[in-house]
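The structure under discussion appears below in the form of structure tokens.
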Amino acid sequence: MTATTSPAPAGTDPGGLPDVRRPARRARRRTPVERGASRVFRWVSTGSGALILVVLAAVAVFLVAKALPALTSSSDELVAGVAFMRNSSSLAGYVGPLVFGTVLAAALALLLAVPVAIAVALFTSHYAPRRLAQGLGYVVDLLAAVPSVVYGLWGAMVLAPFIQPLWGWLNEFLGWIPLFGGTVSPTGRVIATVAVVLAVMILPIITAVSREVFLQTPRLHEEAALALGATRWETIRLTVLPFGRSGVVSAAMLGLGRALGETMAVLMILSQGFLYSFLLLVAGQQQTIAANIAAQFPEASDLGMSVLIATGLALFVITLVVNMAARAIVARRKDFSGAN
């Protein structure tokens, strides 16, 4: 004799328990106006993204087309036809020192600005009282509104004479380090002074972005660290800094982009030189691409203009490579979120 099972009554599951599951809620149908607005927003967003690519491609095509005469001319034609290339043997020999000076100045500025920016961002986000943090944040943000010409005047007329004794002290006591060797410039208008000015210029960008990233740290992470007995610094080191690492990298790359392309401040401070030199306190050693274009542009011939645009193409490639590297670094941290 076999046992028979009767079907479960309505409203119960197969085990005989009441079915407490709620019926699926029917999705609200969007109105024609909402569907139209969503479609327009999608088109606008897609068009904006495509427009950025078109503009970037247009800039690249323009630079290549205008630099083509310099890229296809022989070294003898360039040296004979371009006055400011008389001391260079080829286009590569002219562009190379400019690329070196540009990267050196931007790297020094980034090295000076990033630690200070992180410290200010941490102070305003986790240490300072609210009123003081707001006031300090406003002051830092206002630095970004100062024109580069003002920074150049300040650097050439105020900072350079003021900081020159410090460069002399570094040369006297640390001259055995190659960076601080050589004969110190009596005017202070050297690549080290330019690096300080550029660091002040990019400080607001890095600080503002880093502060906002640090404020997004999940509160539960910080409270868990404090509950385990961590001090405030240990909490920041274990939760805030790891969470905001990718944001700090992005902020640093934004600052680096401005430092690479800065023109007037560098032109007004730095004495021109075309050498592969790491001497930071000696005048007439380095020059940047943007400052050189501004200096040579008024008197450049047609072929000279093409040479200058070729140097601009080199700066464009450097900026593109830096941003791609930054995106690759940030992509490594994209899976880290407050829920992890």
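Once each part is reduced to its C-alpha centroid, what is the distance from segment 144-207 to segment 87-121 in angstrom? Taking the Cα centre of each part, segment 144-207 and segment 87-121 sit 14 Å apart. With helices as the sole contributors, the chain gives -21000 deg cm²/dmol at 222 nm; each DSSP H run of n ≥ 4 counts as -39500 (n - 2.57), and the sum is divided by every residue.
Between helix 160-174 and the chain there is an angle of about 90 degrees, using the helix long axis and the longest principal axis of the Cα atoms. When the charge dipole of the chain is built from unit charges on Cβ atoms (+1 for Lys and Arg, -1 for Asp and Glu) and taken about the Cα centre, the candidate among 185, 210, 97 whose Cα reaches farthest toward its positive end is 210.
For the residues 154, 43, what sequence is obtained by ranking on other C-beta atoms within 10 Å, fewest first?
43, 154
The residue among 151, 85, 57 whose Cα reaches farthest toward the positive pole of the charge dipole of the chain, with charges on the beta-carbon of Lys, Arg, Asp and Glu, is 57. Each label was represented as a point 7 Å from its Cα along the Cα-to-Cβ direction; for residue 111 and residue 226 these points are 3.8 nm apart. Computed from point charges on the beta carbon alone (+1 for Lys and Arg, -1 for Asp and Glu), the dipole magnitude for the chain about its Cα centre is near 1780 Debye.
Comparing 311, 225, 236 along the charge dipole axis of the chain, the residue lying farthest to the positive side is 225, per the Cβ-charge model. Can you check what the Kirkwood hydrodynamic radius comes to for the chain, Cα pairs only, in Å to one decimal? Computed over the chain, the radius equals 24.6 Å.
Placing a label point 7 Å from the Cα of residue 141 along the Cα-to-Cβ direction, the residues of segment 215-249 whose backbone N falls under 17 Å from that point are 215-216. Each of 46, 102 was scored by other Cβ atoms within 10 Å of its Cβ. Listed from fewest to most, they are 46, 102. Against the main long axis of the alpha-carbon atoms of the chain, helix 91-122 sits at an angle near 50°.
For 159, 153, the sequence from fewest to most other C-beta atoms within 10 Å is 153, 159. In percent, rounded to a whole number, the relative contact order of the chain is 25, using alpha-carbon pairs under 8 Å and six or more apart. Seen against the Cα atoms of the chain and their longest principal axis, helix 245-261 is set at about 30 degrees. Residue by residue, segment 300-309 carries 3J(HN,Hα) couplings of 7, 7, 4, 5, x, 4, 5, 5, 5, 5 Hz when phi is fed to the Karplus relation 6.51 cos²θ - 1.76 cosθ + 1.60 (θ = phi - 60°); x denotes Gly or Pro.
Bear in mind these aren't lab numbers, they're just calculated from the coordinates by the rules spelled out. These figures come from a predicted structure and were not determined experimentally. Every residue, glycine as well, gets a Cβ built from its backbone with ideal geometry; the counts of neighbours run over all protein chains shown.
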